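Please read the structure below before turning to the comments.
The values are calculated or read from the model by the stated rules, or taken from the named source; none is laboratory data. Everything numeric here is computed off the predicted structure, so don't read it as measured data. Here the Cβ positions follow ideal geometry from the backbone for every residue, glycine too, while neighbour counts run over all protein chains shown. Surface accessibility is based on the protein's heavy atoms, side chains included, excluding ligands, DNA and RNA. Shrake-Rupley method; radii C 1.70, N 1.55, O 1.52, S 1.80 Å.
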Amino acid sequence: MAVTRLSYMSIRALDLTASEKHYTDVVGLRVTGRRSGQVYLQAHESQDHHCIILNASDRAGLDHAGFKVSDINDLMEAEIAASDWGLATRRVASGDILGQGDGLMITLPSGHIFNLFYHSEKIGYSYGMKDPDIILDHVDGISPVTHLDHALLAGNDCDKSVKFLMEALDFNLTETILGPDGSSFAFFLTTSSTIHNLAFAPGPPNSLHHIAFYVNDRADVIRRVDMLKRRKITTLDYGISRHGIGGVTTTYFFDPSGNRNEFQCGIYEAPTIRGNAPPIVWAGEHIPRGAFYYERAVPANFFEVVT
């Protein structure tokens, strides 16, 4: 089984027009497709059809997450594995999701729905695919984000979900946080060579904590904090900070529906083979330093606010 990477997040939007403006003008994505009640967007330096799907809804939060596999036969293998674990699945026909081939949706013990798929339409880079100029003609103040980096999901039965992802789909555990009893309650997982494409933490069932977009460098994060403050977009109290977990430079903010976004840079490389290196372990009492290395304190709403 080979899940290659996190491909996209399909999220709910209370106001589709306002959300599209946010993800194009603030985050810096490009619109790659539309359907009734849906907008598809992609980063300028990514070739697959989309990394974000906005779905008109009466509530915020996650609809499902999409992961790309390396072989079409992986879908059957994943379907059998999910059945063995007693998890609900359903097939997704080619074209049901714009620009995307056949898929398999799996409902995890935490309630989150993952869509595994193989084929995605290639749209090319915004810079062009022949003799490109790497600087876009129109940039509104800052360079666009490079790609969708990861998502943190909140829910119950996170340990069961993580166990399935590791044992059945070959996700790799890079870092974990231990509770007072010594058992893990937060998990950072990767299917690639970066610290994490996905993380889980306790919370209400089937919840979304944040979606993270990667930017070029720390100076770029600072410029984006300036932009967020100038546009009066709600941010986490700290503005710019740094994580002890992963070591990245970060800032958090919210889209018009209340879904939390993150700009970050500075990830470390992780082993691509599951079990090739042990995970970094954090004791629960060090969560403040792990979450916010500079301040060493966690704002109350950081863990409480999910969608």
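Things worth noting here:
- Scanning segment 185-198 for residues that are within 18 Å of the chain's Cα centre (by Cα) and not in a loop (DSSP other than H, G, I, E, B) yields a total of 7.
- Those residues of segment 139-153 which are surrounded by fewer than 20 Cβ atoms within 10 Å (Cβ to Cβ) and of a type in the set (Gly, Ala, Ser), in sequence order: GLY141, SER143
- Filtering segment 175-196 to residues that are under 17 Å from ILE267 (Cα atoms) and open to solvent by less than 10 Å² (accessible area, probe 1.4 Å) leaves GLU175, THR176, LEU189, THR190, ILE195.
- Segment 199-211: number of residues that are assigned to a strand (DSSP E or B) and either in contact with a Lys or Arg (Cβ under 7 Å, 6 or more places away or on another chain) or touching a residue at least 60 places away in the same chain (Cβ under 8 Å) (or both): 7
- Selection within segment 32-77 - more than 22 Å from PRO205 (Cα to Cα), assigned to a strand (DSSP E or B), touching a residue at least 60 places away in the same chain (Cβ under 8 Å) and open to solvent by less than 50 Å² (accessible area, probe 1.4 Å): THR32, GLY33, GLN38, GLN42, ASP48, LYS68, VAL69
- Matching residues in segment 157-184 - criterion: being assigned to a loop (DSSP other than H, G, I, E, B) and among the acidic types (Asp, Glu): ASP157, ASP170, ASP181
- Test: residue in segment 154-171 that is of a type in the set (S, T, N, Q), surrounded by 13 or more Cβ atoms within 10 Å (Cβ to Cβ) and out of contact with any Pro (no Cβ under 7 Å at 6 or more places or on another chain): no
- Extreme residue, surrounded by the most Cβ atoms within 10 Å (Cβ to Cβ), among residues of segment 1-31 that are modelled with pLDDT of 95 or more and among the acidic types (Asp, Glu): GLU20
- Search result, residues across segment 35-69 that are of a type in the set (D, E, K, R) and under 29 Å from ILE135 (Cα atoms): GLU45, ASP48, LYS68
- Applying the condition of being of a type in the set (A, V, I, L, M) and closer than 19 Å to THR32 by Cα to segment 111-137 and asking which residue is surrounded by the most Cβ atoms within 10 Å (Cβ to Cβ) yields ILE123.
- Residues satisfying the stated conditions in segment 78-110, i.e. closer than 30 Å to SER257 by Cβ, surrounded by fewer than 15 Cβ atoms within 10 Å (Cβ to Cβ) and either in contact with a strand residue (DSSP E or B) (Cβ under 7 Å, 6 or more places away or on another chain) or of a type in the set (Gly, Ala, Ser) (or both): ALA88, ARG90, ARG91, ALA93, SER94, GLY95
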